[in-house]
Amino acid sequence: MNATRVDRGSTATTTIYSDGGDLTFERTFNAPRDLVWKAFTDPTLVPRWWGPHGTTTKVAEMDVRPGGAWRYVSSAADRDDVTFYGEYLEVDPPKGFKWTFMFDVDGVGPMGGPETFTLEEVDGRTKVTSVGHMGSTEAIEGALASGMVGGALETWDRLAALLAEG
């Protein structure tokens with residue numbers, strides 16, 4: 001059976017779709033690939049863009065190498081802190097990386113899975129493709145119900161603003 005690509009809330013700036021058990025986000029940033037790579041892998045820059053508007057993020061751990069751990073704590077006035085964590089599985093500077101992207105859900109436990117980021121240079125700009133390998137359409141539906149798309153769009157808007165600073 002062939003998987004079918006389903007739009008999941010694409011906007012003028014970001015393409016979002018599922019295909020089988022994968023959820024993909026694509027956006028082209030007006031910045032060179034080396035700068036985008038640095039924004040993703042520099043623990044002093046991540047807190048400046050990670051998370052939706054109104055959140056703050058602390059990088060508690062970030063060891064950008066295969067087998068290295070990462071942990072970000074996202075805070076907001078209207079909710080308890082949320083910890084995102086995982087392990088870098090593959091690192092290929094500045095082309096991309098693969099990590100496990102995990103978070104705990106009250107009453108459910110850990111959720112998430114492997115996620116692959118590809119950074120492709122296109123005429124001095126950088127196309128970022130994020131593929132969350134979620135495994136099933138049910139897992140994707142659960143993630144979408146959590147508000148994931150809105151949060152991701154705001155996060156990437158914040159990343160675009162940081163990259164515009166140079």
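The values are calculated or read from the model by the stated rules, or taken from the named source; none is laboratory data. A quick note: this is a predicted structure, and the numbers were derived from the prediction, not measured. Methodologically, a virtual Cβ is constructed for each residue, glycine included, from the backbone with ideal geometry; neighbour enumeration extends over all protein chains shown. For accessibility, only protein heavy atoms count, side chains too; no ligands or nucleic acids. Shrake-Rupley method; radii C 1.70, N 1.55, O 1.52, S 1.80 Å.
Side notes on the structure shown:
- Top-ranked residue of segment 50-88 - restricted to ones that are part of a loop (DSSP other than H, G, I, E, B) and either within 13 Å of THR100 (Cβ to Cβ) or of a type in the set (D, E, K, R) (or both), ranked as most open to solvent (accessible area, probe 1.4 Å): ASP78
Yes or no, residue by residue, for (1) under 18 Å from THR11 (Cβ atoms); (2) touching a residue at least 60 places away in the same chain (Cβ under 8 Å); (3) touching a Cys at 6+ places or on another chain (Cβ under 8 Å):
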| residue | (1), (2), (3) |
| --- | --- |
| VAL59 | no, no, no |
| TRP70 | no, no, no |
| TYR85 | no, no, no |
| GLY124 | no, yes, no |
| LYS127 | yes, yes, no |
| MET134 | no, yes, no |
| VAL149 | yes, yes, no |
| ALA161 | yes, yes, no |
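- Scanning segment 114-158 for residues that are out of contact with any helix residue (DSSP H, G or I) (no Cβ under 8 Å at 6 or more places or on another chain), within 16 Å of LYS98 (Cα to Cα) and not in a strand (DSSP E or B) yields a count of 1.
- The residue pairs whose first member lies in segment 14-43 and is closer than 15 Å to ASP123 by Cβ and open to solvent by 30 Å² or more (accessible area, probe 1.4 Å), whose second member is among the small types (Gly, Ala, Ser) and not in a loop (DSSP other than H, G, I, E, B), and whose beta carbons are closer than 9 Å, counting only pairs six or more residues apart or on different chains, are ASN30/ALA160; ASN30/ALA164.
- Checked against (1) surrounded by fewer than 15 Cβ atoms within 10 Å (Cβ to Cβ); (2) touching a residue at least 24 places away in the same chain (Cβ under 8 Å), GLU138 meets all criteria but (2).
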